[in-house]
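Notes for the one structure printed next.
The values are calculated or read from the model by the stated rules, or taken from the named source; none is laboratory data. These figures come from a predicted structure and were not determined experimentally. Note that each Cβ is placed from the backbone with ideal geometry, even for glycine, and that neighbours are counted across all protein chains shown. Note: areas computed on protein heavy atoms with side chains; ligands, DNA, RNA excluded. Shrake-Rupley method; radii C 1.70, N 1.55, O 1.52, S 1.80 Å.
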Amino acid sequence: MNRRRPALLIVLLLPFIAVAAALPFLRNWPLLAAIEESTLDWRFALRGARVPDAPVVILAIDDRTVSANGGWPLPREVLAQAIDRMTASGAGVIALDLLFAESGETDQADLALAGSIRRSQRTVLPVALTFKDKRGEPQTAHEAMAAHTLTLVRRPGAPEIPGARGALPPVSVLAEAARGLGHVDVVLGEDGALRQIHPAVEYDGLIMPALPVSIARLLDDRRGRAFRLDLPGGLQVGGRHVAVGLGGRWTLNFYGPEGTFPTYSLQALLAGRLPSERLNGAVVWVGATATAIGDTFVTPFDRKLPGVEGLATATANLLADGFIVRNEWAALTDMLAVIVVGAATAAAARRPSALQVIAISPLPVAIWFAVTVLAFSHWGIWLNLTVPGLTGLATGSVIGAWDLALSDSQRRRLSAYIPGPVASALTSTDRPAFEGRTQPAAVLFVDMADFTAQSELAGLDATVSLLRRLHAMVEEVAAAHGGYVDSFSGDGAMLVFGVPNPSGTDASNALACAHALLSNARKLDLEVRVGVHWGELRVARFGGKRFRQITVAGDTVNLASRLVEAAKMHEARLAASDALVSRIEASGGSDPAAHLRKVPAVHIRGRRTPTDIWLKSG
């Protein structure tokens, strides 16, 4: 038996192992990816906004700047003046989130801007890449792009970097003047929100870095360090390693809504109202935020984050704070979580009671949710919540539905042979919660009059038919009055009212049932006697190792049985205890004395003390 347990465990775990193996495909399925991205937004919200550690500043081309300088686009002479002022203020790197794919209004304007860029020795410019339509660029621009490419080391099994079909670099005079070029293409999630950025993109044999990478390289070039992209490892910036995530991408670690980075109007710089210390040593991003100008993105903190602030986020992540970690170790943890959460939910869903199932089965998913939030908030690790969570929820739902269907089927089968309340309890456990409990209840015994003589004359078939009619009638009448048949014994039966849930009407229900039994028996040409009593009793389990029965026991049961004899002794059809009648009167039920006559101090067989009883003769 013990040798078979590991094999059985593996069989039980196979569904979860299969889901875990399929996780690399499932997490990229659009629907699941969109759900997972939504949970990532929750984690950002739970973590809260943070202040960037990297010295990154934004100079916004806002409505005031556009209005003060003759509209959009800004004259290139104005941009040249702005670069000169940033250089004079000691900006560490100047990054323009502005495309210069076409020449300016005059050659002099382009030359003025190129001169400022060249003099600054710290300005980087963007290249827009296209992934659908092929679009070439002048040979001189291609050569300028080639001067700013990355060294790529790609090992077996590493993800492919995306390939662009076209490029929109700056015009040659500007590209040649810049200290760095880089792409500004970002990756949107399935929900359309800004999520990631590629460290590099391949175009026509060139490995073009992202513009934030060009910024980092420019800062490191001043220290004379090497610079290369190693896949699947990461970006080697001199002696520092910046790991890439799954798919060779960086997942942006957002800081907050618009304005989280120090942001100033470009017009304040042009007007000489921006203190130089605000820019000194900083990476300065220049981008459009004016109304209807420039791009915006949905992020976890903002529905319309300016594109320049998204690129500033990538820059700060790269230089100081780190991107969100979503690497192979996180993926392996996700796969393990699928198995553990699924198996733990399956084990929790097989608890003996419905209350325990409801309380315990959601715990594995809840614990995994807490783990993912903790890992994200404290270490910036993105663990997949959706697939392990849905695995747990699906497992609990399937097992719950199966158990419900199985329990209902078991209850129907059991209730044909044992009392209904006991059958319902035994579908989930062999020891019901009410077993062993002492409680008040009413007990009724019904017995067929002169059955011995009738069965002697009737024969076996007729006797069986007679008993079936009697039992069917008793069962129907008991159910109609809120009771159940605890047991049939030959020509008699024991009925119980108030187990497992006692109520104030149990006594009156039992007496009403007794009257109904007499009435229905006469319609079937049967004569029965009934004894009924109310009092304390014990719900108990009796039997040996192989056969057991849950029933009621105690003096209440014994007296109810003896009352049938008392009815026969007094030539009555119904005998009720004084305790039952008193209980009905105390609970405000209908007057029981209307159909009964009281007989005081009756000696009941086996009892020392005489008992008052109530009889009905007809």
- Message: Suppose the filter is among the charged types (D, E, K, R) and either farther than 24 Å from Thr438 by Cα or free of Cβ contacts under 8 Å to residues at least 24 places away in the same chain (or both); does Arg538 pass it?
- Response: no
- Message: Condition (residue is surrounded by fewer than 19 Cβ atoms within 10 Å (Cβ to Cβ), among the β-branched types (Val, Ile, Thr) and within 25 Å of Pro199 (Cβ to Cβ)) applied to the stretch 100-122: is it met by at least one residue?
- Response: no
- Query: If you take the residues of the stretch 289-341 that are within 30 Å of Leu393 (Cβ to Cβ), open to solvent by 40 Å² or more (accessible area, probe 1.4 Å) and in a helix (DSSP H, G or I), which of them is modelled with the lowest pLDDT?
  - Reply: Glu328
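If you check Gly281, Gly245, which single one turns out to be of a type outside the set (A, V, I, L, M, F, W, C), at negative phi and assigned by the TED database to the domain that holds Ile161?
Residue meeting the stated conditions: Gly245.
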- Of (1) modelled with pLDDT of 85 or more; (2) in contact with a Lys or Arg (Cβ under 8 Å, 6 or more places away or on another chain), Ala88 fails just (2)
- Message: Can you find a residue that is in contact (Cβ under 8 Å) with a residue 24 or more places away in the chain, over 20 Å from Val474 (Cα atoms) and open to solvent by 50 Å² or more (accessible area, probe 1.4 Å) anywhere in the stretch 573-580?
- Response: no
- Item | Selection within the stretch 589-613 - in contact (Cβ under 8 Å) with a residue 40 or more places away in the chain and either under 11 Å from His533 (Cβ atoms) or open to solvent by 40 Å² or more (accessible area, probe 1.4 Å) (or both) | Ser590, His595, Ile604, Arg605, Gly606, Arg607, Thr611, Ile613
- Message: Can you find a residue that is among the polar types (S, T, N, Q), at pLDDT 90 or above, touching a helix residue (DSSP H, G or I) at 6+ places or on another chain (Cβ under 7 Å) and closer than 22 Å to Ala80 by Cβ anywhere in the stretch 200-223?
- Response: no
- Counting only residues that are open to solvent by 30 Å² or more (accessible area, probe 1.4 Å) and under 30 Å from Leu98 (Cβ atoms), how many does the stretch 8-62 have? 7
- Message: With the structure loaded, tell me whether Gly504 is farther than 21 Å from Lys568 by Cα and surrounded by fewer than 22 Cβ atoms within 10 Å (Cβ to Cβ) or whether it fails that test.
- Response: yes
- Message: Which count do you get for residues in the stretch 531-561 that are of a type in the set (D, E, K, R) and either in a strand (DSSP E or B) or buried (at least 23 other Cβ atoms within 10 Å of the Cβ) (or both)?
- Response: 4
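Just give me the residues in the stretch 264-309 being in contact with a strand residue (DSSP E or B) (Cβ under 7 Å, 6 or more places away or on another chain) and of a type in the set (D, E, K, R), in sequence order.
Scanning the stretch 264-309 gives Arg278, Lys304, Glu309.
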- Query: Picking from Thr556, Thr551, which residue would you name as being within 21 Å of Asn509 (Cα to Cα) and modelled with pLDDT under 90?
  - Reply: Thr551
- Message: Anything in the stretch 277-307 that is under 35 Å from the mean Cα position of the chain (by Cα) and under 16 Å from Ile58 (Cβ atoms)? List them, or say none.
- Response: Asp295, Thr296, Phe297, Thr299, Phe301, Asp302, Lys304, Leu305, Pro306, Gly307
